[in-house]
1. Restricting the count to DSSP beta bridges whose residues both fall in the chain, what percent are antiparallel, rounded to a multiple of 5?
2. Taking H placed 1.01 Å from N in the peptide plane, check which residues at least 5 places from ILE156 or on another chain put their amide H under 5 Å from its amide H.
3. Modelled label-to-label distance, ASP184 and ARG67, 7 Å Cα→beta-carbon offset: nm?
4. So, counting K/R as plus one and D/E as minus one, what does the shell of residues with Cβ under 13 Å around SER120 add up to?
5. What is the local net charge at LEU22, summed over the other residues whose Cβ is closer than 14 Å to its Cβ (Lys, Arg +1; Asp, Glu -1)?
6. With a 10 Å radius around each residue's Cβ, average the other Cβ atoms per peptide and rank 221-234, 72-85, highest first.
7. Of the listed pairs LYS49/LYS253; LYS103/LYS196; LYS158/LYS196, which have alpha-carbon separations greater than 19 Å here?
8. Measure nothing fancy, just the Cα-based angle from helix 337-347's long axis to the longest principal axis of the chain, in degrees from 0 to 90, nearest 10.
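The values are calculated or read from the model by the stated rules, or taken from the named source; none is laboratory data. Small disclaimer: the values here were computed from a predicted structure and weren't measured. Quick reminder, even Gly has a Cβ in these numbers, built from the backbone with ideal geometry, and neighbours come from all protein chains shown. Areas reflect the complete protein model, heavy atoms only, side chains present, ligands, DNA and RNA absent. Shrake-Rupley method; radii C 1.70, N 1.55, O 1.52, S 1.80 Å.
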Amino acid sequence: MTTSGISVDMDRLAESYIKLVLSVGLHDSDYVDAYYGPPQLKAEAESEKLSLEAIKESAAALINQARMLTPARNDEMPQLRHRYVIRQVESLIARVELLQGKKFSFDEEAQALYDAQPPSYPEDHFKAIIKELGALLPGQGAVPPRYDSYKADFIIPKEKLDAVFQAAVSESRARTKRRIQLPDEESFVIEYVTGKSWSGYNWYKGNSHSLIQINTDLPIYIDRAVDLASHEGYPGHHVYNALLERHLVRERKWMEFTVYALFSPQSLIAEGTANFGIDMAFPGAERVAFEREVLFRAAGIDGTRAGEYYRIHELVMRLNYAGNEAARGYLDGTLTREQAAEWLINYALMSPERAMQRTRFFDQYRSYVINYNLGQDLVKQYIESKGGTADKPDKRWEEFTRLLSSPRLPSGLTKA
Ligand SMILES: [Zn+2]
């Protein structure tokens, strides 16, 4: 058996890459989202404890070494791997510079860290959607408080949260398993937590196992059950990580995939596929039927209102990019925290409490916000450009699964 030179060299660079990511993690506690590779590399990173400047130098050297390697032209996967490692390290350098105090504009940061350019929408764009909503919602006057009181009927009572989530998870799992061959041993546990800036989080532990945390600081509305079950679980983050582990780490021995750098291009793919995955598992009318018959009942909410609720929900989802505008303004310094929260209340229709929680998310995760909506849009465009349109579910799942099992970069989604 022979191994080609490039793959040996890439394997060596993969170890340096892992150590670099773990080294940044020693300066930035949010940076390492998951690591299940050799414990010895972690021990080495900890004992060396490189300064930010030294990390930057090693990262630049790694890029130079990688650029000297040329992967075979006839095989896409090694090419994707090669490009991926270089781009991830470029992003790592940008994160280190940010930690060193370098100023990036929101758009520069998004490009440097996530390999993508977020679009920008004028206020009028959101005003038009708000106006449409105003015509659908009961009552008179300003839309944000009307939406808030409308939604009050759709809160999952605390004592029913777990039953509702478990029902959503088991349906998401069943629907995903019909389409994707999952490892037999895959599993996750759900934990309810408080005091976080996010609403849910998937912590991947390796061996096809995840810990999913759900933040109960604020009321949880019925739409969050399927969203979180699919986004964090099936076919979202949990499945994505399990497929990377199976296909890239175990089958190909590409060890760099045992580490997941949060502020990196990989996150746009992760969040984009997780959000797109909601609609994969529960396309349109199927979701409403499942909500009406199962989840609304489990939550003690009137199921006959499911159709109406999701018509409104769909419009509200179109306000999604309003959050990016608030983040851009806040991080670029054109909006204060209060003004950013105000924007979120008016154009993203968040309650005042959720809007403040969201500004704390901006503090902690910054331009990461683009990964959810832009990620979802780019993933959708990519899969559809491959022929995986909504009317061809087999092809859609096939392309989706392939994307979840390969190291494709955000910029590689648009030039497919
Ligand atoms: Zn996520």
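1. Numbers: 10 of 17 bridges.
Of those bridges, close to 60 percent are antiparallel.
2. ILE220, TYR221, ILE222
3. Taking the simple label geometry, ASP184 and ARG67 are separated by 4.8 nm.
4. On the way: positive: ARG328; negative: ASP107, GLU123, ASP124, GLU325, ASP332.
That sum, taken over residues with Cβ under 13 Å, equals -4.
5. -4
6. Values: 221-234: 25.1, 72-85: 16.0.
Packing order, densest peptide first, comes out as 221-234, 72-85.
7. Working: LYS49/LYS253 26 Å; LYS103/LYS196 26 Å; LYS158/LYS196 17 Å.
Too far apart for the 19 Å limit: LYS49/LYS253; LYS103/LYS196.
8. In the chain, helix 337-347 runs at an angle near 60 degrees to the longest axis.
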